[in-house]
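Values quoted throughout were computed directly from the atomic coordinates according to the rules given, and no laboratory measurement underlies them. A quick note: this is a predicted structure, and the numbers were derived from the prediction, not measured. Here the Cβ positions follow ideal geometry from the backbone for every residue, glycine too, while neighbour counts run over all protein chains shown.
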Ligand code: ATP
Ligand code: MG
């Protein structure tokens, strides 16, 4: 850095928003971990947090469920409360829609300070959840509810709806060198 930092407080003249919409997208590693890091900050302030994960939990139980649930975060994974026998897409679409209805209710309730919609861009991009519904829900949310969305290839309308958008770009990923996902690092 060639120039010294400004001497006036950078926050001066800035307003405080009652809540924000954050979007973490891109093809690099770090979207969900950044979202979970923000959840840690929220929990540290005594805030109420709801995490909705739009992927089938499968056999991996991520470390964050364990830690953040024990700190008080409410957790809902796509498929919770439902059973399925076959991996057919209609069923997955139905599960995604149910998870979205759960998430929408969590946002609208005004009960939470943070609602995290993890991997929500995928069911939106696959047409399982109406993009317009999500955008309308964000716009009409109670003003105290912060919402965090993650997932690759976020639609333009989501980018427009968010206050802060970060794109995590893949420079390298171990997976491409044939290295599998690692416990404690990836989940
Ligand atoms: P993380 O959960 O580690 O923050 P992420 O949310 O940014 O990752 P996702 O697309 O949700 O990324 O992928 C989740 C899993 O896939 C993680 O195990 C992550 O390490 C891995 N992953 C992320 N980006 C890539 C990539 N570009 N190539 C291969 N695997 C990836
Ligand atoms: Mg992720």
For this session: May I ask you to derive the FRET efficiency for residue 93 and residue 167 from their Cβ-Cβ distance with R0 = 45 Å, giving the value to the nearest 0.05?
Result: 0.95
Seminar exercise, completed: Nearest 10, in degrees from 0 to 90: the angle of helix 89-109 to the longest Cα principal axis of the chain is 40
Exercise. Separation of region 96-151 and region 19-51 by C-alpha centroid, Å?
Worked result: 14
Exercise. Ranked by Cβ crowding within 10 angstrom, fewest neighbours first, how are 122, 112, 175 ordered?
Worked result: 175, 122, 112
Seminar exercise, completed: Note: residue 105 to residue 12 extended length (0.36 nm per residue) minus current alpha-carbon separation gives 29.8 nm
Exercise. Using a simple spin-label model with points 7 Å from Cα along the Cα→Cβ vector, what separation in nm is obtained for residue 27 and residue 41?
Worked result: 2.8
For this session: Per DSSP H run of at least 4 residues, take -39500 (n - 2.57); add these up for the chain, divide by its residues and hand me the 222 nm value, nearest 500 deg cm²/dmol.
Result: -10000 deg cm²/dmol
Seminar exercise, completed: Once normalised by the length of region 21-169, the mean sequence separation of its alpha carbon contacts under 8 Å that are 6 or more apart gives a contact order in percent of 41
Seminar exercise, completed: Looks like region 21-169, by Cα gyration tensor root eigenvalues a ≥ b ≥ c and the a/c under 1.5 rounded cutoff (else prolate when a/b is bigger than b/c, oblate otherwise), is rounded
Problem set entry | Virtual spin-label span in nm between residue 181 and residue 132, 7 Å along Cα→Cβ | 3.4
Seminar exercise, completed: If one compares the long axis through the Cα atoms of helix 31-44 with the longest principal axis of the Cα atoms of the chain, the angle in degrees, nearest 10, works out at 70
Exercise. How many nm separate the modelled label positions at residue 174 and residue 155, each set 7 Å beyond the Cα in the direction of the Cβ?
Worked result: 3.5
Seminar exercise, completed: Per-residue Cβ contact counts at 10 Å, fewest first, order 54, 187 as 187, 54
